[in-house]
Amino acid sequence: MNKILIETKKIKKDFDHKNGLIKIFKDASFTIKSGDLVALVGPSGSGKSTLIHLLALLDNPTSGTIILKGTDSKNLNEKEKSDIRKKKISIIFQDNNLLSDFTAIENVLMPLIIRGEKYNDSFNKAKKVLIDVKLSDRINHFPNELSGGEQQRVAIARALVAETDLILADEPTGNLDYKTSKEVFSYFLKLKKMNKAVIFATHNRELADQADYKLSILNGIIKRTYGRDKK
Ligand code: ADP
Ligand code: MG
């Protein structure tokens, strides 16, 4: 049986903005298990990015509880949260994922170096996953020498090499064409097979329907819904 990775209980999130209070979620209660491939859907402005930031422990809910691997995030200080992010969470954004002064392979081996692995071992692991994502002939390219799809594959290679339990992706295919989006999605399936949990925000209905289930945000409520073929 797959174990529970994230449990949220009645998360509420308001932003206290100078123009007034913005209420994002009233009640977000859900459970994510390892091996879950989850599409986070909802209209623009509904709070997808906000939820991803909360799950990445980059922001705190106004009230409610986020339990990550059995630990209530309220009991963690900033250093502990940062350590969890380094070891357990990979984050992929729509763009600007890569450090521009570092080559593709340096970007991929970065999480391993940060957590103290030896350079040569990290290099070899990074090279192997770059071959897996079909970038063997781009390993020494800088981000600005790569196409959007290639940059996204480098970001995914970094998540693959880091072997984190949780991969959070905020509209990772938002800037990609149909074929490249499908390729990126195929790596999410690979991560799922590795028993990782992947949560990806998307407006792409076809990809969302292929997830195990959707978390749909509407009017401050998050519901679990299923794609066309999965009941
Ligand atoms: P989505 O990713 O679904 O498009 P977001 O999570 O980015 O939506 O934003 C949800 C709402 O919260 C938006 O109306 C946005 O303007 C507002 N918002 C996001 N971050 C902040 C912030 N730091 N302060 C105030 N309002 C914010
Ligand atoms: Mg967003």
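Any read-out appearing in this document is the output of simple, stated calculations on the displayed coordinates, not a laboratory observation. Bear in mind that the values here come from a model prediction, so they are computed numbers and not experimental data. Heads up, the Cβs are rebuilt from the backbone with ideal geometry, glycines too, and the neighbour counts pull from every protein chain shown.
So how many Å³ per residue does the convex hull of the Cα atoms of the range 114-231 work out to?
137
To the nearest 500 deg cm²/dmol, what mean residue ellipticity at 222 nm is calculated for the chain from DSSP H runs of n ≥ 4 alone, each contributing -39,500 (n - 2.57), summed and divided by the residues?
-10500 deg cm²/dmol
In a Gaussian network model over the chain where Cα atoms closer than 10 Å are linked, find which of 124, 77, 19 has the largest mean-square fluctuation.
Among 124, 77, 19, the largest GNM mean-square fluctuation belongs to 19.
If the chain between residue 163 and residue 206 were fully stretched, how many nm would it gain, using 0.36 nm times the residue separation less the Cα-Cα distance?
12.8 nm
Of 26/223; 33/88; 9/196; 26/69, which pairs sit farther than 18 Å apart, going by alpha carbon to alpha carbon?
9/196; 26/69
Roughly what would the spin-label model give for residue 16 and residue 101, points 7 Å off Cα along C-beta, in nm?
Spacing of the two 7 Å Cα→Cβ label points: 3.7 nm.
Taking only C-alpha pairs under 8 Å that are 6+ residues apart, what is the relative contact order of the range 19-154 in percent?
Relative contact order comes out at 18 percent.
Spin-label point model (7 Å from Cα, Cβ direction): what's the residue 124 to residue 62 distance in nm?
5.2
Mind scanning 74/127; 74/118; 12/79 and naming the pairs with a C-alpha gap bigger than 26 Å?
As for pairs spanning more than 26 Å Cα to Cα, those are 74/127; 74/118.
Please say if the range 33-119 is rounded, prolate or oblate, where rounded means a/c under 1.5 for a ≥ b ≥ c the square roots of the C-alpha gyration tensor eigenvalues, and otherwise the choice is prolate for a/b larger than b/c and oblate otherwise?
oblate
Mind listing which trypsin sites (Lys or Arg not before Pro) in the range 1-48 are in a DSSP loop and have 10 or fewer other Cβ atoms within 10 Å?
18
Which FRET efficiency value, to the nearest 0.05, is calculated for residue 2 and residue 175 with the Förster distance at 22 angstrom and r the Cβ-Cβ distance?
0.10
What percent does the relative contact order of the chain come to when contacts are Cα pairs within less than 8 Å and at least six residues apart?
For the chain, the relative contact order is 29 percent.
Return the distance in nm (one decimal) between the two label points of a simple spin-label model at residue 23 and residue 219, each offset 7 Å from Cα along Cα→Cβ.
The modelled label-to-label distance comes out at 1.2 nm.
Could you tell me whether the chain comes out rounded, prolate or oblate from its Cα gyration tensor? Rule is a ≥ b ≥ c as square roots of the eigenvalues, rounded for a/c under 1.5, then prolate if a/b exceeds b/c, otherwise oblate.
Prolate, since a/c reaches 1.5 and a/b exceeds b/c.
Using alpha carbon centroids, what distance separates the range 6-72 and the range 124-168, in Å?
The range 6-72 and the range 124-168 have Cα centres separated by 28 Å.
Between residue 30 and residue 131, how high is the FRET efficiency from 1/(1 + (r/R0)^6) when r is the Cβ-Cβ distance and R₀ = 35 Å? Nearest 0.05.
The pair residue 30/residue 131 has a calculated efficiency of 0.45.
Using a Förster distance of 22 Å, how high is the FRET efficiency between residue 71 and residue 114, based on the Cβ-Cβ distance and rounded to 0.05?
Efficiency, from the Cβ-Cβ distance: 0.60.
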